[in-house]
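This report refers to the structure that appears directly beneath it.
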Amino acid sequence: MGKSSDKHEGEASDVTVKTDEVLHDKTELIKHRDDEKPNELSNSGKILTSLAAGGIAGGIAKSVIAPLDRSKIFFQTNETRNYRFRYAIRWLKHGYRTEGLLSLWRGNTATLARIVPYSAINFMSFEQYKKLLKVEQAGTPGYHRFVAGSLAGSTGQLLTYPLDRARAVMAVTPGKQYRNLAVVFCNIFKEEGFFGLYRGLTPTLLGVIPYAGTSFWTYETLKAYAVRRKGGDATHPMLPSPLERLGAGAVAGLIGQTASYPLDIVRRRMQTGLQLGKGNKYRTVRGTLLTVYR
């Protein structure tokens with residue numbers, strides 16, 4: 001009888017110990033999760049982070065390639081048919097010899113005034129559209145990434161377009177004609193009216209839909225592939241290295257720019273036509289496309 005009682009007491013003691021261990025483990029798990037929660041950004045935090053990261057990244061990238069970007073705008077607005085890369089280099093050398101080194105960055109202030117808010121809004125909008133369209137949830141169609149990117153690009157362009165046109169005008173006109181952004185805006189408003197600030201918006205939006213959509217879709221797809229290749233998942237992702245992100249961004253930009261480049265030429269011709277004395281030739285998207293094709 002005594003042995004049976006001792007046996008039952010021992011079993012009860014074991015159950016109590018195991019129960020305490022389970023409760024302890026659960027308490028530690030809950031505590032661990034509570035400790036992790038403060039590290040997660042709130043939605044407002046994600047918005048601010050996306051704005052800052054997008055603006056800084058866009059500003060640095062555009063400043064680095066500003067000379068090549070200015071030469072691109074020049075040849076887009078010029079009616080020379082036999083364009084070659086060496087002609088762009090020759091044009092840059094000519095600008096350096098005649099106007100100095102800083103002339104290669106002429107209009108970069110306008111570029112930054114536009115690209116910093118555009119990139120900030122673009123990246124922030126993409127994160128919000130991804131959340132709205134449930135892009136990162138399992139089972140969501142891949143084309144939602146394209147839609148989120150297109151919406152983000154369109155949002156950024158609509159909010160910053162006047163700065164884009166001012167920047168294009170400064171890039172193709174002599175330095176003495178437009179000293180700063182304020183002079184450009186005043187001149188456009190005086191000669192063309194308020195809606196002149198949005199001249200070329202239609203081809204811009206038509207171009208940004210495939211450009212932003214393709215760019216973001218390609219980048220996010222390549223990033224997801226890198227995560228899967230490393231064995232990560234949505235809960236514990238093995239994030240791509242900076243080099244992999246750089247490669248994905250380069251491929252995404254190349255594909256996106258190629259998909260939208262014809263409309264980019266139309267946009268630049270319409271933006272700068274009046275300043276170059278060819279406004280009547282570049283009034284509509286269709287007319288500009290036909291003129292460029294011929």
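The values are calculated or read from the model by the stated rules, or taken from the named source; none is laboratory data. This is a predicted model, so every value here is computed, not measured. Here Cβ is always computed from backbone atoms with ideal geometry, including for glycine, and neighbour counts include all displayed protein chains. Ligands, DNA and RNA are stripped out before the accessible areas are found, and what is left, the full protein with its side chains, is counted by its heavy atoms. Shrake-Rupley method; radii C 1.70, N 1.55, O 1.52, S 1.80 Å.
Ranked from largest, the principal axis spans of the Cα set of the stretch 99-178 equal 57, 22, 16 Å.
By the Stokes-Einstein formula, at 0.890 mPa s and 25 °C, the stretch 169-294 with its Kirkwood radius over alpha-carbon pairs has D equal to 142 µm²/s. Direction-averaged projected area, Cα convex hull, the stretch 87-240: 12.0 nm², rounded to one decimal. Placing unit charges on the Cβ atoms only, positive for Lys and Arg and negative for Asp and Glu, gives the stretch 144-209 a dipole magnitude near 160 debye about its Cα centre.
Gain on full extension, evaluated as 0.36 nm per residue between GLU99 and LYS190 minus their Cα-Cα distance, stands at 29.9 nm. Taken about its Cα centre, the stretch 138-251 carries a charge dipole of roughly 220 debye when the Cβ of each Lys and Arg holds +1 and the Cβ of each Asp and Glu holds -1. Using the Karplus relation 6.51 cos²θ - 1.76 cosθ + 1.60 with θ = phi - 60°, the per-residue 3J(HN,Hα) values for the stretch 147-159 come to 4, 4, x, 5, 5, 5, x, 5, 4, x, 5, 4, 7 Hz, with x marking Gly and Pro. Only protein atoms count toward the accessible area here, which uses a 1.4 Å probe; on the stretch 136-239, the carbon and sulfur part of that area reaches 65 percent. Note on TRP217: accessible area is roughly 110 Å² with a 1.4 Å probe, heavy atoms of protein only. Taking the Cα centre of each part, how many Å lie between the stretch 159-197 and the stretch 49-77? With the stretch 159-197 and the stretch 49-77 each reduced to a Cα centre, they are spaced 18 Å. This model, with +1 at the C-beta of Lys and Arg and -1 at the C-beta of Asp and Glu, gives the stretch 186-294 a dipole about its Cα centre of some 400 debye. Across the stretch 170-294, Cα pairs under 8 Å and at least six residues apart give a relative contact order of 27 percent.
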